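See below for the structure under consideration.
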Amino acid sequence: MNTPNGRSTKYRNHNLRKGRTSIPGAYYHIIINTYRRQQLLANDNVASIIFETFDWLETESRLKWICIMIMPDHVHAIIELGTGQTLPKVLHSLKLFTARKINKYLSRRGHFWQPEYREWGVRNEAALNNIIRYCYVNPVKKGLVERPRDYPYWRCKYEMDW
């Protein structure tokens, strides 16, 4: 598949990974999208599979999650990367396991997640608070609920004030 400028998407995705580093103990804001942004995630059982997978990765010391927001077609998560781990390996495990379980639950086959993901290093506590706030109000901005606390597919280890 080619982009409008004629480059293959495989080449473009490879370039997105250049310069990425994984620092164990660092905090990251990650976003993973469903394949072709299909709205498959806003479902109690699907969300449970995703939450349980983050919990399992935490018990295995691969990451510590701070907050997880499951939107209909993507997931925001703020994580602390575990010792000896890399983002590509952790996210590969997360995406592979959840894709298999969710596809089985939904009686579907094929791609579930987009191959790429986006990530940003969280530099300080102020940035962490801003990202958590952004994730928390995202369902309101998207018109899914009137108040953030009414959105059911959200977990955070910190108490939200509003």
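Taken over the range 40-65, the criterion of being of a type in the set (A, V, I, L, M) and either without any contact (Cβ under 8 Å) to a residue 12 or more places away in the chain or within 12 Å of V90 (Cβ to Cβ) (or both) is satisfied by L57, L63.
If you filter the range 70-127 down to residues that are touching a residue at least 12 places away in the same chain (Cβ under 8 Å) and acidic (D, E), you find that the one that is nearest to G25 (Cα to Cα) is E80. Looking at the range 61-78, is at least one residue of a type in the set (G, A, S), closer than 24 Å to T21 by Cα, in contact with a Lys or Arg (Cβ under 6 Å, 6 or more places away or on another chain) and surrounded by 17 or more Cβ atoms within 10 Å (Cβ to Cβ)? Looking through the range 61-78, none of the residues is of a type in the set (G, A, S), closer than 24 Å to T21 by Cα, in contact with a Lys or Arg (Cβ under 6 Å, 6 or more places away or on another chain) and surrounded by 17 or more Cβ atoms within 10 Å (Cβ to Cβ). Can you find a residue in the range 6-29 that is at pLDDT 80 or above and assigned to a helix (DSSP H, G or I)? There is no residue in the range 6-29 that is at pLDDT 80 or above and assigned to a helix (DSSP H, G or I). Residue check: is R37 of a type in the set (D, E, K, R) and more than 23 Å from P152 (Cα to Cα)? When the stated conditions are applied, R37 does not pass them. Somewhere in the range 61-77, is a residue over 16 Å from L96 (Cα atoms) and part of a helix (DSSP H, G or I)? No, the range 61-77 has no match at all. For the range 144-162, taking the residues that are part of a loop (DSSP other than H, G, I, E, B) and closer than 25 Å to I49 by Cβ, the one that is modelled with the lowest pLDDT is identified as M160.
The values are calculated or read from the model by the stated rules, or taken from the named source; none is laboratory data. The model shown is predicted, which means the values in this text are computed figures rather than measured ones. All Cβ positions, glycine included, derive from the backbone under ideal geometry; neighbour counts span all protein chains shown.
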